[in-house]
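Right, one structure below, let's go through it.
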Amino acid sequence: MNDKKLAILGASGHGKVVADLAEQLGYSIQFYDDAYPNKTMIEHWPIEGTFDDLLMLDSTQTDVAVAIGHNKTRQQKIALLLDEDFTIPTLIHPSAVVSQYAKIQQGCVVFAGAVVNAFADIGKGVIINSSAVVEHDCLIGDFSHICPNTALAGGVIVGTGCWLGIGSQVKQLVELGDYCLIGAGSTVLKSIPSHVTAFGSPAIVIRHHH
């Protein structure tokens, strides 16, 4: 069991799953969300205050999980919390299978049924959602989000801040540029540049963004 409390920033559906996972790891839960005080509960968990209230907590007594799906917002909040000396733990569900040779940096969440295989390298603040598969030698950049049932074959490189939609698949050795979005159910057979949305089977670029 953990002696520490876990403050979860983001009273959302994603936050509920983070809370459930964290309780299984022995944390006691506090929620914080800028919808407070208009919103004071999420299911049976009370919302204690806003992000500013969270920053007032004793960082030696409370760890923080940033349960925000939007990658750039999660990145910004984690940076602010680290500046205030908070610990942002990596949370790995007991049913996830993570190789002893995989590397997972701080602030990641690995949900139920996910697989992270040998010599995969997962950056900071990454979400690896339920039943996602990250095969051997994959490299996932900081603050990316791998949605449920997504499968990355061996040696895939995912840039910073990418979003891979539910059920997407990426062929081995393909590279995805920074902040690209891969639509749900897409099959990525060749590399995708940065700052684009790609969709389809095979996936093609449908939009450029900044």
Selection of GluC sites (Glu not before Pro), the range 33-107, meeting DSSP coil and at most 11 other Cβ within 10 Å: 43
Extension length gain for residue 76 and residue 166 (0.36 nm per residue less Cα distance), in nm, is 30.0 nm
Report the Cα centroid-to-centroid distance between the range 70-119 and the range 136-158 in angstrom, as an integer. 13 Å
Over the chain: helical MRE at 222 nm, DSSP H runs n ≥ 4 each giving -39500 (n - 2.57), nearest 500: -4000 deg cm²/dmol
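Sorting check: for 17-24, 187-194, 110-117, which peptide has the highest mean count of neighbouring beta carbons within 10 Å, and how do the rest follow?
110-117, 17-24, 187-194
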Among 65, 102, 35, residue whose mean-square fluctuation peaks in a GNM of the chain (springs only between Cα atoms under 10 Å): 35
Using only Cα atoms, locate the centre of the range 166-196 and the centre of the range 1-38, then give the distance between them in Å, rounded to an integer. 31 Å
Mean accessible surface per residue for the chain, computed with a 1.4 Å probe while every protein chain stays in place, in Å²: 46 Å²
List 14, 208, 145, ordered by accessible area with a 1.4 Å probe, largest first: 208, 14, 145
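Roughly how many percent of the accessible protein surface of the chain is carbon and sulfur, given a 1.4 Å probe and a whole-percent answer? Let's see the in-between values first.
Details: 5080 of 9600 Å².
Its accessible area is 53 percent carbon and sulfur atoms.
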Reachable lysines from residue 5, Cα under 18 Å, same-chain residues fewer than 8 places away excluded? 16
Cα convex hull of the chain: mean projected area in nm², to one decimal? 11.2 nm²
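The values are calculated or read from the model by the stated rules, or taken from the named source; none is laboratory data. Please read these numbers as outputs of a predicted model, since none were measured by experiment. Cβ coordinates were reconstructed from backbone atoms using ideal geometry, including for glycine residues, and neighbour counts include every protein chain displayed. Just the protein is used for accessible areas: all its heavy atoms, side chains included, with ligands, DNA and RNA removed. Shrake-Rupley method; radii C 1.70, N 1.55, O 1.52, S 1.80 Å.
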